[in-house]
Amino acid sequence: ATYQATASAPVNIACIKYWGKRNTKLILPTNSSLSVTLDQDHLRSTTSSRADASFEKDRLWLNGKEEEIERDGRLWVCIDALRKWRQEMEQADSGLDKISAYHVHFASHNNFPTAAGLASSASGLAALVASLSHLYSLPQTPSQLSLVARQGSGSACRSLFGGYVAWRMGEKEDGSDSLAEEVASREHWPEMHALICVVSDAKKGTSSTSGMQRTVQTSPLLQHRIKEVVPGRMDDISKAIREKDFESFAKITMRDSNSFHAVCLDTEPPIFYLNDVSRSVIAVVEELNRAAGKPIAAYTFDAGPNAVIYTLEENMPKVLNLINRFFPQEASFANPFKMDWQSAQV
Ligand code: DP6
């Protein structure tokens, strides 16, 4: 018999950035982080898992191309953890099919162009963990599954939830309290929209994984960020979300993006993720907010030059207009909650 399950997980974009690990094997972060998960309908990964007695080894195809599942690698660790949970279930209940003994084939697809330079590891790993946990009918909660997804890629643990999600750094050495939890559902503040401005689709120079370890090893500014800055911001942005206070949400989001890029610059040798177009997006949003007399849009940048602009639905036409006017050449944007992928020119 063949057993099969499929699951999807959307991309998430952090407002309080994860940057730095205190344990690289278990992927335990140096600070807590908080993100907004984009809409299921738009930027997402879908993974099918299939277990069959005739399969000779675990295999993975990413957008149709086979990828090696390295022993003790991140993916392997995730599969192994879920398989162990299934084994425990089978040992406790002899009526269950012994599918933990079967090898599994995974097929994973992104519904957005991989060439768009958008992080796909978070949604990809989250979809894989979700689909294998369905296949195994695991009783674990999304927060418990986030412990596994975290070991695939840190930011992936946040994509197991929709809406507004915190990844609590935790304190324990074994990582059992370093997990994701919902801060507020998408429905709590559905007016929140995000515009994804693809500034460049080139592959980034320094990967998050290696860049953040260099920052941990060399940046004194990171120590200030993780101890003095982020804890207060986690509280403040959670309150802003609960109270639907866009001004505070926007201020904290922009400042935290800038703080993250500052620690990249404080790294030796320095890491530059923003380019001239990224900096122009910052200037345009700052000017929009100045003219409005209060923040009505917030930019944030991950480990690359692409901008994500958060704004409330009522202000999206204004933001779109401005972006299209100032960046008329080449852009793709996506709205997490309602709009489709559109090709616009930034
Ligand atoms: C800048 O989750 O990709 O996007 O844990 O090494 O896989 P690994 O790193 P990853 O780092 C994401 C960094 C970030 C900020 C964020 O998403 O919080």
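Before moving on, here are some points about what is shown:
- Selection within the range 275-300 - at pLDDT 95 or above and within 15 Å of the ligand (Cβ to nearest atom): Tyr299, Thr300
- For the range 4-33, a residue qualifies if it is within 8 Å of the ligand (Cβ to nearest atom), under 28 Å from Tyr136 (Cα atoms) and assigned to a strand (DSSP E or B), and exactly one does: Asn12.
- Inter-residue pairs, beta-carbon under 9 Å, first free of Cβ contacts under 8 Å to residues at least 12 places away in the same chain and in the range 213-241, second of a type in the set (Asp, Glu), 6+ apart: Gln217/Glu268; Lys239/Asp245
- Set side by side, the residues Glu70, Glu66, Glu90 differ, and just one is within 23 Å of Arg150 (Cβ to Cβ), modelled with pLDDT of 95 or more and not hydrophobic (A, V, I, L, M, F, W, C), which is Glu70.
The values are calculated or read from the model by the stated rules, or taken from the named source; none is laboratory data. Just so we're clear, the structure is a prediction, and the values are computed from it rather than from any experiment. As a convention, Cβ positions derive from the backbone with ideal geometry for all residues, glycine included, and neighbour counts pool all protein chains shown.
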